[in-house]
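This report concerns only the one structure given below.
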Amino acid sequence: MASDATRDLLARLVAFDTTSRNSNLALIEHVEAYLDGLGIAHERVTDTHGGKANLFATIGPADRPGIVLSGHTDVVPVDGQVWASDPFALARRDGKLYGRGACDMKGFLAVCLALAPEMTAVDLKTPIHFAFSYDEEVGCLGVRGLLDVLAARPVKPLGCIVGEPTDMQVVIGHKAKRSLIATAKGTGGHSSRAPEFVNAVEHLAELVTATTAIGKRLAASGARDELYDVPHTTAHVGVFHGGTALNIVPDEATTEFEFRVLPTEDPDALVAEIRGVAEAIEAEMKARDPRASLDLRIKSEFPGLSTAPEAEIVTLAKRLAGRNDHAKVAYGTEAGLFVEMAGIPTVICGPGSIGEAHKADEFVTEAQLAACENFVRKLIAHCAA
């Protein structure tokens, strides 16, 4: 059973609507006030407009390398979802705590904050850091500013544990991602004279077909890593808009698609391949009408994670979790950025199941929060030794 302190803090965190389109500053201010009450040093790293912020806190000696407990404060929208209760008011039913972000990933943040008094009560030889970020759900954007700051400091953390929901399994790898958006602009007119115009939908559909073909090729003959639930690199088309009526040749169409790439493979090589296809399609369009175009750009991207099973942070996390196995996941996290941008060895381990994330009636079990509390308490003991 999760502690009263963890449940109370989770309720307070869930009450802040930190959907990525919104500011997270109200939540950050609340956490800062809480840390101030415990005498814990902290700092903000804001976005360029000052509307959102990362929070970095240090418990213990700041001049020694420590362990980072990292999580994002933003959540996905509830738009269009039907909830049994208010998504921004934590509900407790049958050992489960329901609310937007309860699983992904305010449950982990609540555990960290609930145990902060225990961290301050002991003499930590190795510091423990909190790194709370923004805009993870829209491309792991916010944490980059914080990592720039950490990378420039003379004392870097020993390692990082990103508390994404893994059922408290130690995860040592995740895929890289490249999200792309393509816009075709053709020429419109009456469909009875279709050959005289450049059909944006039809030409953009060629790009979709090529993306699908790449995905099938990767599934059939690409590299494989059986530790992943989806053991190969994938291609996925998620959005397509175009056309207004059947009897009008569409003059514009847009699609969004992605590659999720094993860390052993080069995501930019796939981007270059599909860009070559796009350029060939655009040349065909322009040959029919020089005003036509096909624009392809990266919408968001983040690196994969591939931490060696024998790395010290992996050994430590397994000991804290009380298990010897490890896993890899297809979904993306900020973990790869901690490694790539700041050179901080990183694993993923947190309460809850990714299968419950982003859904209506999202929940985390109290048993998972209790397991996370045990994990963090062991970390405190380790850092005090």
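The values are calculated or read from the model by the stated rules, or taken from the named source; none is laboratory data. What you see is a predicted model; the values in this text were computed from it and never measured. Note that we place each Cβ from the backbone using ideal geometry, even for glycine, and neighbour counts take in every protein chain shown. Heads up: the accessible areas ignore ligands, DNA and RNA and are worked out on the full protein's heavy atoms, side chains in. Shrake-Rupley method; radii C 1.70, N 1.55, O 1.52, S 1.80 Å.
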For this session: Could you look at the chain and say what percent of its accessible area is carbon and sulfur, using a 1.4 Å probe and all protein chains?
Result: 53
Exercise. What ranking of 358, 174 comes out by heavy-atom accessible area, probe 1.4 Å, highest first?
Worked result: 358, 174
Problem set entry | Net charge, residue 256 excluded, C-beta distance under 11 Å - Lys, Arg +1, Asp, Glu -1 | +1
For this session: Enter the accessible area per residue of the chain (Å², integer; probe 1.4 Å; all protein chains in place).
Result: 41
For this session: Considering Cα pairs under 8 angstrom that are at least six residues apart, work out the relative contact order of the chain and quote it in whole percent.
Result: 25
For this session: Hey, can you grab everything whose amide H is under 5 Å from the amide H of residue 166? Only 5+ residues off in sequence or another chain; H modelled, so Pro and N-termini drop out.
Result: 350, 352
For this session: Measure nothing but the geometry: give the 0 to 90° angle between the long axis through the Cα atoms of 4-14 and the longest principal axis through the Cα atoms of the chain, rounded to 10°.
Result: 30
For this session: Pop out the ³J(HN,Hα) list for segment 209-218 in order, Karplus 6.51 cos²θ - 1.76 cosθ + 1.60 with θ = phi - 60°, rounded to Hz; leave Gly and Pro as x.
Result: 4, 5, 5, 4, 5, 4, x, 5, 5, 5
Seminar exercise, completed: Taking GluC sites (Glu not before Pro) as exposed when in a DSSP loop with at most 14 other Cβ atoms inside 10 Å, the chain has its longest clean stretch at 1-225
Exercise. Once the other residues with Cβ under 14 Å from the Cβ of residue 309 are scored (Lys, Arg +1; Asp, Glu -1), what is the net sum?
Worked result: 0
Exercise. Residue by residue, what Karplus-based ³J(HN,Hα) values in Hz, rounded to whole numbers, does segment 70-78 have, using 6.51, -1.76 and 1.60 with θ = phi - 60° and x for Gly and Pro?
Worked result: 10, x, 9, 8, 7, 10, 7, x, 9
Seminar exercise, completed: Of the candidate values (1) 0.95; (2) 1.04; (3) 1.00, the one computed for Rg/Rh (Cα atoms, Kirkwood Rh) from this structure is (2)
Exercise. Long-range amide H contacts for residue 75: which residues qualify at under 5 Å (H placed 1.01 Å from N, peptide plane, sequence gap of 5 or more or a different chain)?
Worked result: 18, 19, 20
Exercise. Among 177/299; 52/177; 318/378; 177/378; 106/156, which pairs are too far apart, with a Cα-Cα distance over 22 Å?
Worked result: 52/177; 177/378; 106/156
Problem set entry | Karplus-derived HN-Hα couplings along segment 261-276 (A = 6.51, B = -1.76, C = 1.60, θ = phi - 60°), whole Hz, x at Gly and Pro | 10, 4, x, 7, 10, 9, x, 6, 5, 5, 4, 5, 5, 6, 5, x
For this session: Express in nm, to one decimal, how much length is gained between residue 298 and residue 192 on full extension, taking 0.36 nm for each residue of separation and deducting their alpha carbon distance.
Result: 34.6 nm
For this session: Counting helices only, and only those DSSP H runs with n ≥ 4, report the 222 nm mean residue ellipticity of the chain as the sum of -39,500 (n - 2.57) divided by its residues, in deg cm²/dmol to the nearest 500.
Result: -10500 deg cm²/dmol
Exercise. For segment 207-248 and segment 162-183, what is the separation of their C-alpha centers, rounded to whole Å?
Worked result: 18
For this session: Quick one: which residues, 5 or more positions from residue 330 or on another chain, have an amide H under 5 Å from its amide H? H modelled 1.01 Å from N in the peptide plane, none for Pro or chain starts.
Result: 229, 230
Seminar exercise, completed: Taking every DSSP bridge whose two residues both lie in the chain, the antiparallel percent to the nearest 5 is 75
